1. Using the count of nearby Cβ atoms within 10 Å as a rough guide to exposure, how do 118, 67, 139 rank from fewest to most?
2. Which entry is the computed Cα extents along the principal axes in Å for this structure: [x] 76, 39, 28; [y] 56, 28, 22; [z] 41, 30, 30?
3. If I model a spin label as a point 7 Å beyond the Cα along the Cα-Cβ vector, how far apart are those points for residue 65 and residue 40 in nm?
4. In segment 77-140, which chymotrypsin sites (Phe, Trp or Tyr not before Pro) fall in coil by DSSP and have 15 or fewer other Cβ atoms within 10 Å?
5. Helix 124-138 sits at what angle to the longest principal axis of the chain, using alpha carbons and giving 0 to 90 degrees rounded to 10?
6. Tell me the trypsin sites (Lys or Arg not before Pro) within segment 19-105 that lie in a loop according to DSSP and have at most 15 other beta-carbon atoms within 10 Å.
7. Determine the principal axes of the Cα atoms in segment 46-113, then give the extent along each, sorted from largest to smallest and rounded to whole angstroms.
8. Normalised by the residues of the chain, what does the relative contact order come to in percent, with Cα pairs under 8 Å and at least six apart?
Amino acid sequence: MDQPVLSDKSQFPTEEIISLHLGKTKAVWDSFFDYLHKDHPDINSEWRYYNDGKSWLMKNVQKKKTVFWLNIIKGAFRITFYYTDRAAKAIADSTIPAEMKKQFKDGKHYGKIRGLTVVFKYKKDIETAKALLAIKLSVK
C-alpha cells in the first residue's frame, strides 16, 4: 500500500500542499468535496497529525460519529470507511464494485469493525464513495 505523503508534523496540509501532492487528481478532490459540502453540509472535516502513523489524516464527522478517514498518497487520495457487521447486507446489495464487496466480506476485523478503502484517481471513484457514504449514514 502506498505511503502517505503528509508526514511532516510541522507542515499543516494547506490547499497548496494538497495540490502539490495530488497533481492531476486535484480535480477529483475538488469534485468530491463539492459533492460532500453540497449534499452533506453537516459533515465536518478536520486535519490532525497522528504520531502512531506519523502522518496527517483528515477525520470527517457528522455530529460525534466518524464517517470516514482521508489521507493523501502521491498522485491520489484515499478514504476509508469502517463498518460493523450490521452493514454487511447493505454492502452486499450495493452498487460498489464486486472486489470491494469481497474485500469487506473477507476483510480483517478490528474489534467489531472492518474497513473499506476507496483510492481516488478518477472521477468514477466518487460514485463508489457516494454509495459507501450512503451506507455509512444509513446503518446505525
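Here, each number is a calculation from the coordinates, and none is a lab measurement. This is a predicted model, so every value here is computed, not measured. Cβ: placed from backbone, ideal geometry, glycine included. Neighbour counts: every protein chain shown.
1. The most exposed by this proxy come first: 139, 67, 118.
2. The value computed from this structure is option [z].
3. Each label point is offset 7 Å from its Cα along the Cβ direction, giving 1.0 nm.
4. Those satisfying the criteria are 122.
5. Tilt of helix 124-138: around 60 degrees.
6. 54, 63, 64, 74
7. Largest to smallest, the principal-axis extents are 35, 30, 21 Å.
8. It rounds to 24 percent for the chain.
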